[in-house]
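> The structure's right below; bear with me while I get my questions together.
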Amino acid sequence: MRCSTSPKPLLAALSMAVGSLAVAGGPADGAYFCTLSIAGLGSVQQYAVITGKPDGTSVVVFPATQPSHLVYGYGVGFAGGGRFNGTSDRGQPFSLSYTASSVTGFFGYALIGGPVPANASCSRVF
């Protein structure tokens, strides 16, 4: 996840994720409303979109939907058996657990000082 005000790197990933919803088949697919607890920043509320393929390859995107959203990014990994693990766009690991109605876990992102984990607690919107 990035901590920046420029959404350019995210636009391609968000377009890919949203465009994939029409052919999605991943086990955790959906839109979520999340509270991210971030060391040094406190808690922020953010949306997330997860979309994937039947083979388990999935993408999670935390979009910058407002200029005030300083924390955003995406991750690519594999989802199956209630777990979604992979690597963020900043090269940090993430590990999420999912059910039919929620996603929880941590998502690694990087600030100038180095990697910082965000603990995520998300509820499915659709």
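The values are calculated or read from the model by the stated rules, or taken from the named source; none is laboratory data. Source: prediction; values computed, not measured. Cβ: placed from backbone, ideal geometry, glycine included. Neighbour counts: every protein chain shown.
> With the structure loaded, tell me whether Thr5 is surrounded by fewer than 16 Cβ atoms within 10 Å (Cβ to Cβ) and at pLDDT 95 or above or whether it fails that test.
In short, no.
> Within the stretch 97-126, can you find the residues that are crowded, with 18+ Cβ neighbours inside 10 Å and of a type in the set (Ser, Thr, Tyr)?
Once the filter is applied, which keeps residues that are crowded, with 18+ Cβ neighbours inside 10 Å and of a type in the set (Ser, Thr, Tyr), the stretch 97-126 yields Tyr98, Tyr109.
> Right, another one. In this structure, is Val59 at pLDDT 85 or above, surrounded by 12 or more Cβ atoms within 10 Å (Cβ to Cβ), in contact with a helix residue (DSSP H, G or I) (Cβ under 9 Å, 6 or more places away or on another chain) and under 16 Å from Phe126 (Cβ atoms)?
Judged against the criteria, Val59 is not a match.
> Here's something else I'd like to know. Please specify each residue of the stretch 98-122 satisfying the condition of being at pLDDT 85 or above, out of contact with any Pro (no Cβ under 9 Å at 6 or more places or on another chain), in a strand (DSSP E or B) and of a type in the set (A, V, I, L, M, F, W, C).
Val103, Ala118, Ala120, Cys122, listed by residue number.
> Any idea which of (1) at negative phi; (2) free of Cβ contacts under 8 Å to residues at least 12 places away in the same chain; (3) of a type outside the set (Ser, Thr, Tyr) is the one Gly42 doesn't satisfy?
(1)
> Separate question: Among what's in the stretch 25-49 and is farther than 20 Å from Asp89 by Cβ and either of a type in the set (Phe, Trp, Tyr) or not in a strand (DSSP E or B) (or both), pick the residue that is modelled with the highest pLDDT.
Phe33
> Can you work out which of the residues in the stretch 73-96 that are over 12 Å from the mean Cα position of the chain (by Cα) and in a strand (DSSP E or B) is surrounded by the most Cβ atoms within 10 Å (Cβ to Cβ)?
Ala79
> Could you grab the pairs with beta carbons closer than 8 Å, sequence gap of 6+ or different chains, first residue in the stretch 50-72 and part of a strand (DSSP E or B), second one of a type in the set (Lys, Arg)?
Val71/Arg2; Tyr72/Arg2
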